[in-house]
Amino acid sequence: MRAKIAVFVLLLGSLALVLMTACQTKEVTSAKVYIQQDNWDKAIEQLEQAVKLYPKDAEAYYLLGQGYGNQGEWAKMNEAFNKSLENSPRFEAQIKSNREKYWVTTFNSGVSRINGGDIEGAIKQFKTCLLIDPKRAEAYKNLAYAYTRSGNLDAAKNVYEEFLKIEPDNMETMQALASIYFQLKKYEPVVELEKKALKLEPENSDAIANLALAYDFLGKKDEAIDTYTKALAKNPNDKDLLFNLARLHYMNDKYDKAIELFQKVIKLDPNDFDSNLNVGNAYLSMGENYRKELVKKENSGKEITKEEKEKLVGFFKQSIPYLEKAKSIKPENANLWSNLGVAYVQIGNSEKGKECFDKADELKKK
């Protein structure tokens, strides 16, 4: 009895094999033979015929996609794979595996080319990655990077913009695109990008800082000052933010605020030339403005008090240490020597002032 049962099961297995073979079209059968022989041209011929005759044959489309992929016909490969999946999910795992194989191989080739300095070759490989699978972020990022390395910022911008159509809330890509726009000196798009970023992440310090800088470049001082202040609340020791906010206050003749912020930069970096120079010049400007007030007062017949004279001299005295520090960092700056000469003359040191003016003249002649 056991032997008869075994024979019966064997017969059923044989029957299943016959039925499976019978369900397979002759074109697909022929294609598989050609595939085993690694003759993809003939296999593709058979499979193209198969999908014309049997447009619902998921396997024929899957194999045809394999063939196109083997020949680097990526658009045709994806079309065939998608047709297969439309008809049946049966080959979904195999399709995913094929795409992954081609994508990884091509992507790694692109990375190797970048590392080897072949930027144009890398661009070609990453563009191919997008043809194989247009939804994977890594290819967009690396393609944009390669374009940036090649100096083609417009192409890099276009790549990031294409990816944002797929993932519109991708924060990393928004910041990368903002950086490209900064380099292209296009600041309005930065404002729009960073406003959108801050709707998604209101506390994102990079987005706040970029928005402030964009307003600054656009000449929107009030918006820039407000946004720089918000950015500094997140990063109180950010030298660039401190400097830029100080610069705007300086440009608005708000010297006290400017000096306070520049001094914070100097505390973080004592050798910051521009901050030392600007503090020195701010004190000079404050002294000059106060001197005009005193002249106006004197012309009106009023007497200048000792305290007022001391206050005037005090502005110029305060400028000297910062200008001297700046001079030690960049001693070839003619304008700096001139300003330092003014400061020394105003505190009554005419000899030192003349030395500074002579040095400024010497540098200007160079």
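Worth a mention:
- Exactly one residue among 165, 186 is assigned to a helix (DSSP H, G or I), without any contact (Cβ under 8 Å) to a residue 12 or more places away in the chain and more than 12 Å from the chain's Cα centre (by Cα), and that residue is 165.
- Among the residues listed as 302, 230, 297, the single one being assigned to a loop (DSSP other than H, G, I, E, B) and basic (Lys, Arg): 302
- Filtering 136, 149 for residues that are surrounded by fewer than 16 Cβ atoms within 10 Å (Cβ to Cβ), farther than 24 Å from residue 234 by Cβ and not small (Gly, Ala, Ser) leaves a single hit, 149.
- Inspection of segment 281-290 finds no residue satisfying the criterion of being among the aromatic types (Phe, Trp, Tyr), part of a helix (DSSP H, G or I) and under 37 Å from the mean Cα position of the chain (by Cα).
- Only residues that are among the acidic types (Asp, Glu) and either outside any helix (DSSP H, G or I) or at pLDDT below 95 (or both) were counted across segment 137-161, and they come to 1.
- Of residues in segment 180-226 being of a type in the set (Gly, Ala, Ser) and surrounded by 16 or more Cβ atoms within 10 Å (Cβ to Cβ), the one nearest to residue 250 (Cα to Cα): 224
- If you go through segment 233-257 and keep only what is assigned to a helix (DSSP H, G or I) and farther than 23 Å from residue 280 by Cβ, you end up with 233, 234.
- Qualifying residue in segment 301-313 (condition: touching a residue at least 24 places away in the same chain (Cβ under 8 Å) and either over 17 Å from residue 277 (Cα atoms) or surrounded by 19 or more Cβ atoms within 10 Å (Cβ to Cβ) (or both)): yes
- For first residues located in segment 250-278 and under 16 Å from residue 221 (Cβ atoms), partners that are among the aromatic types (Phe, Trp, Tyr) and lie 6+ apart or on another chain with Cβ distances below 7 Å form the pairs 258/250.
- Checking residue 113 against (1) of a type in the set (D, E, K, R); (2) surrounded by fewer than 18 Cβ atoms within 10 Å (Cβ to Cβ); (3) not in a loop (DSSP other than H, G, I, E, B), the condition it does not meet: (2)
- Candidate set from segment 78-109 (those that are within 33 Å of the chain's Cα centre (by Cα) and polar (S, T, N, Q)); member that is nearest to residue 56 (Cα to Cα): 78
- Among the helices (runs of 4 or more DSSP H) confined to segment 23-71, the ones with at least 2 residues that are surrounded by fewer than 15 Cβ atoms within 10 Å (Cβ to Cβ) are located at 26-36, 40-53.
- Qualifying residue in segment 33-54 (condition: β-branched (Val, Ile, Thr) and under 30 Å from residue 150 (Cα atoms)): no
The values are calculated or read from the model by the stated rules, or taken from the named source; none is laboratory data. The structure displayed is predicted, hence computed values, not measured ones. FYI the Cβ positions are ideal-geometry reconstructions off the backbone, even for glycines, and counts take in every protein chain you see.
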